[in-house]
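Before anything else, here's the structure in question.
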Amino acid sequence: MKKLPLLLASSLLAPLVQADTVFGIYAGAGSWQSDYDGQAGKPALTLKELGVQEHHNNYFYVAIEHPIPLLPNIKLSHTNISSAQTGTITKSFTLGDTTYAANEKVSTDFDLSHKDATLYYEILDNWINLDLGVTARKFDGYARSNSTTANENIAIDQTLPMVYGKIQFDLPFTGLSAGVEANYASYQDNALNDYTAKFSYLFDAFVDVGVDVGYRKMTLKVSDNDLEADMTLKGPYMALTAHF
């Protein structure tokens, strides 16, 4: 029994120095049907009161895995998230330094598109796959609101460091797999968590191609002088994938 912790530690740390045995490129592109929930502004209005509706958001990614020991693998991805709508607010609403009166028609427009750069290690690489690493998520968007009397434009330009993890279970000799992938960050009164749960099928060929079907949920909480928001984007997604 005394040898059990040592054996477990060895099994987890060995892949860090062995890395992968082959060089591979993984890529995918898909659409995420997002439903928006939450609130924004001071005092807060719900996104439904602002007229926000579900929207199809596109994304793509590419990951490079290699056999070089100690050098992390890398995954780059981009998700496009935007929404534009108009609603008649039922109470006063402040975005940034601008206040809109109750019963005023207000147009809102936001862009939460972001780019991810993830460095990760394969801790386990067999029919159970476990990846751990860190992600830098770069937002380069905005939040806007305007009416016949006023307008506001807040830049969303920030890079967040996040903890990254992925676990995947492969059904041998079938091309079928299931897994969960997540990114998480929290500091002061701000937080961001983003996870996907998916089923995958990969056709074995000269270039392996396949499909992912799953569910993604992203929760974003922002509290600063310019922007107060607590939003959740969630819904199903589907992607075409390839392995070279």
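Give the residue, chosen from A205, A178, that is farther than 30 Å from V106 by Cβ, among the aliphatic types (A, V, I, L, M) and not in a strand (DSSP E or B).
It is A205.
Additional query: For segment 96-166, give me every one of the strands (runs of 3 or more DSSP E) that falls completely inside it and has 1 or more residues that are farther than 25 Å from A229 by Cβ and either in contact with an Asp or Glu (Cβ under 8 Å, 6 or more places away or on another chain) or not hydroxyl-bearing (S, T, Y) (or both).
Hits in segment 96-166: 114-125, 128-146.
For a quick check of your reading of the model, give me the residue pairs whose first member lies in segment 180-197 and is touching a residue at least 60 places away in the same chain (Cβ under 8 Å), whose second is surrounded by 15 or more Cβ atoms within 10 Å (Cβ to Cβ) and polar (S, T, N, Q), with beta-carbon atoms closer than 6 Å and at least 6 apart or on different chains.
Pairs that qualify, where the first residue is touching a residue at least 60 places away in the same chain (Cβ under 8 Å) and the partner is surrounded by 15 or more Cβ atoms within 10 Å (Cβ to Cβ) and polar (S, T, N, Q), are N183/T135.
Quick one: how many residues across segment 189-244 are among the charged types (D, E, K, R) and under 18 Å from L171 (Cα atoms)?
Residues meeting the conditions: 4.
Would you point out which residue out of D226, D204, D170, D230 is acidic (D, E), without any contact (Cβ under 8 Å) to a residue 40 or more places away in the chain and farther than 23 Å from A117 by Cα?
D204
While we're looking at this one, here's another question. Of all residues in segment 66-100, how many are of a type in the set (F, W, Y) and under 30 Å from I25 (Cα atoms)?
Residues flagged as of a type in the set (F, W, Y) and under 30 Å from I25 (Cα atoms) within segment 66-100 amount to 0.
Got a number for residues in segment 180-225 being more than 28 Å from Q158 (Cα to Cα) and more than 15 Å from the chain's Cα centre (by Cα)?
Adding up the residues that qualify gives 15.
Next question, about the same structure. Filter segment 226-236 down to residues that are assigned to a strand (DSSP E or B) and either over 12 Å from the mean Cα position of the chain (by Cα) or not hydroxyl-bearing (S, T, Y) (or both) and give me whichever is surrounded by the fewest Cβ atoms within 10 Å (Cβ to Cβ).
So the residue we want is P236.
Would you mind stating whether K105 is exposed (fewer than 15 other Cβ atoms within 10 Å of the Cβ), modelled with pLDDT under 95, closer than 25 Å to Y36 by Cα and among the charged types (D, E, K, R)?
So K105 fits the description; yes.
Is it the case that T90 is among the hydroxyl-bearing types (S, T, Y), more than 17 Å from the chain's Cα centre (by Cα) and either surrounded by 14 or more Cβ atoms within 10 Å (Cβ to Cβ) or assigned to a strand (DSSP E or B) (or both)?
no
To continue, here is another question. Provide a single number: the residues in segment 46-79 that are assigned to a loop (DSSP other than H, G, I, E, B), at pLDDT below 95 and crowded, with 17+ Cβ neighbours inside 10 Å.
Here the count works out to 5.
From the list A178, A155, A197, which residue is of a type in the set (G, A, S), surrounded by fewer than 16 Cβ atoms within 10 Å (Cβ to Cβ) and modelled with pLDDT under 95?
Sole residue among the options that is of a type in the set (G, A, S), surrounded by fewer than 16 Cβ atoms within 10 Å (Cβ to Cβ) and modelled with pLDDT under 95: A155.
The values are calculated or read from the model by the stated rules, or taken from the named source; none is laboratory data. Fair warning: this is a prediction, and the values are worked out from it, not measured in the lab. Reconstructed Cβ throughout: ideal geometry from the backbone, glycine too, with neighbour counts over all protein chains shown.
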